[in-house]
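Each value in this text was obtained by applying a stated rule to the coordinates, not by laboratory testing. Fair warning: this is a prediction, and the values are worked out from it, not measured in the lab. When we count neighbours, we look across all protein chains shown, and the Cβ atoms used for this are built from the backbone with ideal geometry, even at glycine.
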Amino acid sequence: MTRYEEVRALVKDESLKVKDIVAQTGYNKGHVSRLRKESRLQKVIADAVAAEREACAKVCDKWEEALGKYYSKGLTALCAESIRARGCNHG
């Protein structure tokens with residue numbers, strides 16, 4: 001693992017303070033602080049995407065409930081499975 005990769009991993013650990021990461025890696029405090037902010041923003045975005053993906057899958061689930069009595073494992077259930085599976089590849 002390169003020093004840069006180490007810093008990127010450490011900024012994700014909210015239990016560590018910026019000054020501790022600086023001391024451990026020798027990186028500039030301002031740079032570490034910017035990487036921490038970027039990491040937090042990426043997490044907010046990832047959480048929002050995951051929530052939207054689950055909301056879409058739930059719409060498919062509701063359609064499956066309505067149509068399930070007429071079809072066995074219909075398209076809507078497959079859509080919901082596909083939407084949820086996509087989240088597993090990025091998490």
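Computed values, structure above
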| quantity | calculated |
| --- | --- |
| Exclusive hit being surrounded by 14 or more Cβ atoms within 10 Å (Cβ to Cβ) and not polar (S, T, N, Q), set 67, 75, 10 | 10 |
| Members of the stretch 1-46 found to be hydroxyl-bearing (Ser, Thr, Tyr) and over 23 Å from residue 87 (Cα atoms), listed by number | 2, 4, 15, 25, 27, 33 |
| Any hit, the stretch 1-10, residues being free of Cβ contacts under 8 Å to residues at least 24 places away in the same chain and in a loop (DSSP other than H, G, I, E, B) | yes |
